[in-house]
Amino acid sequence: MQLAGKVTVITGSGSGFGEGTAKACAIEGASVVVSDINEDGGRRVTDEITAAGGTASFCKANVTDSGETQALIDHARAAFGRLDILVNNAGVGHKRKSMLEVTEAEFDHIFAVNVKGIYHTANAAIPVMREQGSGVIINIASTGAVSPRPGLTWYNTSKGAVTTLTKSMAIELAPDKIRVNALNPVAGDTPLLPTFLGEDTPENREAFRATIPLGRLSTPADVAAGVVFLASDAASLITGVCLEIDGGRCI
């Protein structure tokens, strides 16, 4: 087991990439704190992990709220005694459209979740990891940060911020033995997919798949495999990396 004895917090883990990551971390031996703003989804994932013999606890949290993110980290310590791995997976997008059609409210929400959410979790988690003398933070960004496409300008920009803050966090936190990396997944069949396609039709899915050299969308298992590797001791010398999981889309 690659994560045996580790305590992992995963935001936005009530569905999609976060759900897949939570289940994979549990299979690899981690004690997992499942967190999501959607309580039904989060509790379902938690119950499925424990039913399969894993160790998990649920904590509802809105990452745009500093008090709730602090409570999330406190929950992890109360439930499992420490915090080894933080996966900042919670994210939102906007419907594919001209950058001039995105409202200020949409813009604010995207940056509040995708960027400020990491600010909040970092402020809560880093002091704990510093006290322990180690830790791993993994931020879920996007291929949109590396190879942006029209119609998603403000979403792409928020994920570009995630890749930059990942590198900056990595160099600042290296003396504390805290590793920070990111994943840039291509779109997958998750609740966010319709926003990227504009309209979720078989034709639009096929057109999108045609832009991926390996010919398929990402899956939660693909993203989870990247998280498990970067969180494991096998990646102990890797920090500041933004790993594309994209079937070649960014080449």
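Nothing in this text is a laboratory measurement; each read-out follows from the coordinates by a stated rule. In this text, all values refer to a predicted model and were calculated from it rather than measured experimentally. Here Cβ is always computed from backbone atoms with ideal geometry, including for glycine, and neighbour counts include all displayed protein chains.
Details
- Mean ellipticity per residue at 222 nm, deg cm²/dmol - from DSSP H runs of n ≥ 4 across the chain, formula -39500 (n - 2.57): -13500 deg cm²/dmol
- Of the GluC sites (Glu not before Pro) found in region 1-79, no site is in coil according to DSSP while having at most 14 other Cβ atoms within 10 Å of its Cβ.
- Counted charge near Asp40, where neighbours are those whose Cβ lies closer than 15 Å (Asp, Glu -1; Lys, Arg +1): -2
- Structural descriptor for the chain: relative contact order 21 percent, calculated from alpha carbon pairs under 8 angstrom and at least 6 residues apart.
- Kirkwood analysis of the Cα pair distances in region 1-46 returns a hydrodynamic radius of 10.1 Å.
- Other residues with beta-carbon under 14 Å from the beta-carbon of Ala141 carry, at +1 per Lys or Arg and -1 per Asp or Glu, a net charge of +1.
- Set of lysines near Lys116 by C-alpha distance (under 25 Å), chain-local residues within fewer than 8 positions excluded: Lys60, Lys95, Lys97, Lys159, Lys167, Lys177
- Look at where the Cα atoms of region 51-108 and of region 207-231 average out, and the two centres are 21 Å apart.
- Computed FRET value (nearest 0.05) for Ala221 with Leu100, which takes r as the C-beta separation and R₀ as 41 Å: 0.65
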